[in-house]
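First the structure, in the form of structure tokens, and then the observations on it.
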Amino acid sequence: MSQPLRSRRPQNRQRTPGTTANAGLVVVDKPAGLTSHDVVARARRILGTRKVGHAGTLDPMATGVLVLGVERATKLLGHLAMDTKAYLATIRLGAATTTDDAQGEITFEADGSEVDEAEVRAGIAELTGDIQQVPSSVSAVKVDGKRAYARVRAGEEVELAARPVTVSRFDLLLLRREDKATELDVMVECSSGTYVRALARDLGRRLGVGGHLVALRRTRVGPFDLRTARTLEQLEEEPALSLDLAEAVNTAFPRHDIDLPSAAALSHGRKLPAAGIDGPYGVFGPDGRALALAVDTEGVAKPLVVLAVD
């Protein structure tokens, strides 16, 4: 259980100035019971700036890695959220719920205490690889411009279309028999946009006993994992970035260094030759500053995000 958060910061601690020099990422180990927005609000108070955002929403019941962007690093977040993620999760077989997790109301129950382990493993195998997944009806997927969960809360019936996702790893770590249920501890590595609770739902459905998620801990988002994550209490004690802007770009994207004339050309909006790198990459000046995120398009480097400001 997470410790209660202190509502006030020590009076003798100075806030971090909200300037470009303080741009970067903060990797938080989110506690259960807080929304991702709650964590952002807390980080804003600790760091003394309104310019904080997050990459990859975590449900309130979930814990683990939540990457926050501070100042101009918020411009990186949309690109970071498109990376792969890893989770440790517990799935309960024997009941389905309205939300596909333990916070929803039970819609179906069956005795799941005697499900065959071989069938469990076969079901997991069927949900591994490139699959079509229907997100939970209370997910953050937008339907006609409105979040699905908001429509459900307003009393609407929501049916979401299946979409392609990749589950690169879905391993059974431990199987526990309980009264009328079986709990599975699993490890999942997947593409962004994959819902682990939907995996729990679909596994239970394949086994005919229903299934839902009872615990979820995100251990990695792209290259950022629990080894660099800090609790909110630790951030309160030492309000500092996990990585500055240059470190963040260098860690999360391929690197392309350019010379001074090219850096000057980029600052004036002129096109640069393609770097020959697949996907987004970081463009660095001769002084080591991260100047932009770019992508090669038709033989030139097209800036996606301009990071450096004079």
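Quick notes on this structure:
- In segment 220-239, the residue that is nearest to Ser191 (Cα to Cα) out of those that are of a type in the set (Lys, Arg) and assigned to a strand (DSSP E or B) is Arg220.
- Search result, residues across segment 80-136 that are surrounded by 13 or more Cβ atoms within 10 Å (Cβ to Cβ), within 30 Å of Gly282 (Cβ to Cβ) and either free of Cβ contacts under 8 Å to residues at least 12 places away in the same chain or among the acidic types (Asp, Glu) (or both): Asp83
- Filtered residues of segment 126-145 (kept if at pLDDT 70 or above, within 12 Å of Tyr195 (Cβ to Cβ) and assigned to a loop (DSSP other than H, G, I, E, B)): Leu127, Val134, Pro135, Ser136, Ser137
- Number of the exception - Ala154 against (1) over 24 Å from Asp83 (Cβ atoms); (2) modelled with pLDDT under 95; (3) of a type in the set (A, V, I, L, M); (4) surrounded by 15 or more Cβ atoms within 10 Å (Cβ to Cβ): (4)
- A count restricted to segment 234-292 and to residues that are in contact with a Ser or Thr (Cβ under 7 Å, 6 or more places away or on another chain) and either loosely packed, with under 15 Cβ neighbours inside 10 Å or not assigned by TED's automatic domain parsing to the domain that holds Val52 (or both) stands at 1.
- Conditions (1) within 25 Å of Arg45 (Cα to Cα); (2) assigned to a loop (DSSP other than H, G, I, E, B): number failed by Gly193: (1)
- Within segment 261-286, the set of residues being more than 25 Å from Leu77 (Cβ to Cβ) and either part of a helix (DSSP H, G or I) or among the acidic types (Asp, Glu) (or both) comprises Pro261, Ser262, Ala264, Ala265.
- Residue satisfying condition, being of a type in the set (D, E, K, R), within 21 Å of Leu160 (Cβ to Cβ) and in the same structural domain as Leu173 (by TED's automatic domain parsing), within set Asp130, Asp111, Asp116: Asp130
- In this entry, Ala148 passes the filter for residues that are at pLDDT below 95, among the hydrophobic types (A, V, I, L, M, F, W, C) and more than 11 Å from Ile124 (Cα to Cα).
- Qualifying residue in segment 241-249 (condition: of a type in the set (Asp, Glu) and within 28 Å of Val40 (Cα to Cα)): yes
- Residue among Leu68, Leu77 that is within 25 Å of Val165 (Cα to Cα) and buried (at least 20 other Cβ atoms within 10 Å of the Cβ): Leu68
- Count of segment 98-125 residues which are polar (S, T, N, Q) and either in contact with a Cys (Cβ under 7 Å, 6 or more places away or on another chain) or modelled with pLDDT of 95 or more (or both): 1
- If you go through segment 65-79 and pick out every residue that is in contact with a Ser or Thr (Cβ under 9 Å, 6 or more places away or on another chain) and farther than 18 Å from Ser168 by Cβ, you end up with 6.
- Residue count, segment 184-200 (criterion: buried (at least 19 other Cβ atoms within 10 Å of the Cβ) and either out of contact with any Gly (no Cβ under 6 Å at 6 or more places or on another chain) or acidic (Asp, Glu) (or both)): 10
The values are calculated or read from the model by the stated rules, or taken from the named source; none is laboratory data. Keep in mind that what you see is a predicted model, and the values were worked out from it rather than measured. No Cβ is skipped: glycine too gets one built from the backbone with ideal geometry, and neighbour counts run over all protein chains shown.
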